[in-house]
2 protein chains.
Amino acid sequence: MTVKSFSNILSTHDHSLPMYQKIKEHILEKIAKGEWRANQKLPSENEISAELNISRMTVNRAFKELTEEGYLFREKGAGTFVAEPFQLIPFFELMPISKELAIEGNPFSSQVLRLEKAQDSHKICERYFESRDNESLFFSEILYKNEKTPLQYEKRYVLTTFAPHYLTQAFHKACSTVYLQTLSPILSQKHTLEAIIPNKPLSQLLEIPNTEACFKVVEILLIRGKIISYAEQFYPASRYKFHSKI
Amino acid sequence: MTVKSFSNILSTHDHSLPMYQKIKEHILEKIAKGEWRANQKLPSENEISAELNISRMTVNRAFKELTEEGYLFREKGAGTFVAEPFQLIPFFELMPISKELAIEGNPFSSQVLRLEKAQDSHKICERYFESRDNESLFFSEILYKNEKTPLQYEKRYVLTTFAPHYLTQAFHKACSTVYLQTLSPILSQKHTLEAIIPNKPLSQLLEIPNTEACFKVVEILLIRGKIISYAEQFYPASRYKFHSKI
DNA sequence: CAGTGGTCTAGACCACCAC
DNA sequence: TGGTGGTCTAGACCACTGG
């Protein structure tokens, strides 16, 4: 790649934008115009820094950011390449139930059905916590309502060591998810979304006919990869829809 | 801030991790432990680089990345501070079915059940296209399979003016969504996700017992706000789960 | 004013890759 | 083996902030 692809970049003495920004925009323009196509190799950091008479670190910053933004990909020892154009992938947000109702300004109430030390913690640890230790667990069953309409039934296990005061909570202002999130700033989480047909007790709890489906959300909370809570949440599908963002 | 907050970082000669990573983790740990709280000021880049006897650029990279990740915020001329803990809102991606199977390296086949000019376009325009004009529409019914297992049933209406060659497509390599996306670079889209219990014809098509729920996705494709396609897609819930990307 | 972060330089060493 | 990107250094100048 000996072609001078960057020579028409504005002079180094134009300080309206930082140099790495100018490089980024120049590259994006080439890609947008189709001048550089997917999987095509870009000039190396050394070539560009030599051509523009700037430091390699500056070129590196431009390349690194464009890579993080998904426009390029890099291979150690090989080079930097134009990435495949990406598609708009729609996604659905899932907010904690209390947060969601609060945002919409709806009243929120919770009915604690059970809140106790778990009996069969050994089995639960093995099944849901990926742990062979018999760790001590709390168990809760909560029904969250919008005004008087059930919106979510949740059963949850929590490590007692993580949330020692869990049993004293009323979950009046915040749902269990939000409560646990406040306990640690470094909580991470995984969710799985399924669709199910509720069994009879569940449909009675949620006050829906058993001809109606439910969303089932499995929520796993982790700290540095260790599971500290496992929950299953059920939403009546008639009262809950996901709308895509983007 | 004269306290030596970083002195217990592993020696510079430990090359198991890049230095900026070690700094990042050290900072995250302090935040996690509550040692540094929200809005608290961190030592400056200069202080840390002096204390650890490393370059300021290395500290800068750690700070910059933690800021991009939302853990810190910075103010020019003032300093670097711990950010408010943020809530992780999980979201679920919905990829076009052919793209999803391609990524997972699965075989993909499609069975076109119907592909024709729509009969009752006037009603359809009014109901789904927010249009009182009687615009000409194509109609398709397609069953997408992974190997021989049905994965998605889709019915779709498309403006004939947008996709004049729609009837000649076989949808062997790309599903209808991807085909339509290739026709215009400025397509936007809206999706709605519901859970339903399938009726008998649908459960037969998808080859599932009628005790099993389905995801129903409504996909609306638009160009500059004008709807050009309306589709309903049904996924058997037993064969399809959404996993959150945080 | 002194200190801060934002940017940039002109080198350097390394692991990795293609040849 | 020579080129690539990943990382790091020891300086530097600037605009901006706070006291």
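Values in this text are rule-based calculations from the coordinates and carry no lab data. All of these numbers come straight from a predicted model, not from anything done at the bench. Cβ placement follows ideal geometry from the backbone for every residue including glycine, while neighbour counts extend to all protein chains displayed.
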Determine the distance separating the Cα centre of the range B:208-246 from the Cα centre of the range A:204-237; give it in Å without decimals. 20
Taking 0.36 nm per residue of sequence separation and subtracting the Cα-Cα distance, how much length would be gained by fully extending the chain between B:Arg224 and B:Ala102, in nm to one decimal? 41.0 nm
Dipole magnitude (debye, nearest 20) for the range A:93-245, charges at Cβ of Lys, Arg, Asp, Glu: 100
Give the distance, in whole Å, between the Cα centre of the range A:113-154 and the Cα centre of the range B:155-177. 47
Among the listed pairs A:Lys24/B:Lys226; A:Lys33/B:Lys64; A:Lys64/B:Lys245; B:Lys123/B:Lys148, which have their C-alpha atoms separated by more than 24 angstrom in this model? A:Lys24/B:Lys226; A:Lys33/B:Lys64; B:Lys123/B:Lys148
Could you give the angle, 0 to 90 degrees to the nearest 10, between helix B:56-68's Cα long axis and the longest principal axis of the Cα atoms of chain B? 40
Here the averaged projected area of chain B, based on the convex hull of its alpha-carbon atoms and given in nm², is 19.7
Can you list, shortest first and in nm, the gaps between the label point of B:Ile186 and those of its counterparts in the other copies, using a point 7 Å from Cα in the C-beta direction? 4.8
Summarise the long-distance tail of P(r) for the range B:19-82 by giving the % of C-alpha pairs beyond 12 Å. 67
Would you kindly work out the equivalent ellipsoid of the protein assembly as shown from its C-alpha gyration tensor and give its semi-axes, the square roots of five times the eigenvalues, largest first in whole Å? 43, 38, 19
Counting residues in the range B:159-222 as N, plug N into 2.2 N^0.38 Å and put the Cα Rg over that result. 1.41
For A:Trp36, the residues 5 or more places away or on another chain with a placed amide H closer than 5 Å to its own amide H are A:Ile31
Inter-copy distances for B:Ala102, nm, shortest first, label points 7 Å along Cα→Cβ, are 4.3
Work out the FRET efficiency for B:Lys245 and B:Glu25 from their Cβ-Cβ distance, taking R0 = 25 Å, and round it to the nearest 0.05. 0.65
Among A:Tyr240, A:Ser7, A:Leu52, whose Cα projects farthest towards the positive end of the dipole of chain A, with charges put on the beta-carbon of Lys, Arg (+1) and Asp, Glu (-1)? A:Leu52
Point-charge dipole on Cβ atoms (K/R +1, D/E -1) for the protein assembly as shown, about Cα centre, debye to 20: 100
Backbone N under 15 Å from the A:Ser16 label point (7 Å along Cα→Cβ), restricted to the range A:22-49: A:22-23, A:25-26
List the longest stretch of chain B that has no exposed loop site; here a site is one of the trypsin sites (Lys or Arg not before Pro) assigned by DSSP to anything other than H, G, I, E or B, with at most 16 other Cβ within 10 Å. B:77-131
For B:Arg239, go 7 angstrom from Cα along the Cα-to-Cβ vector, then report the distances to that same point in the other copies in nm, smallest first. 3.2
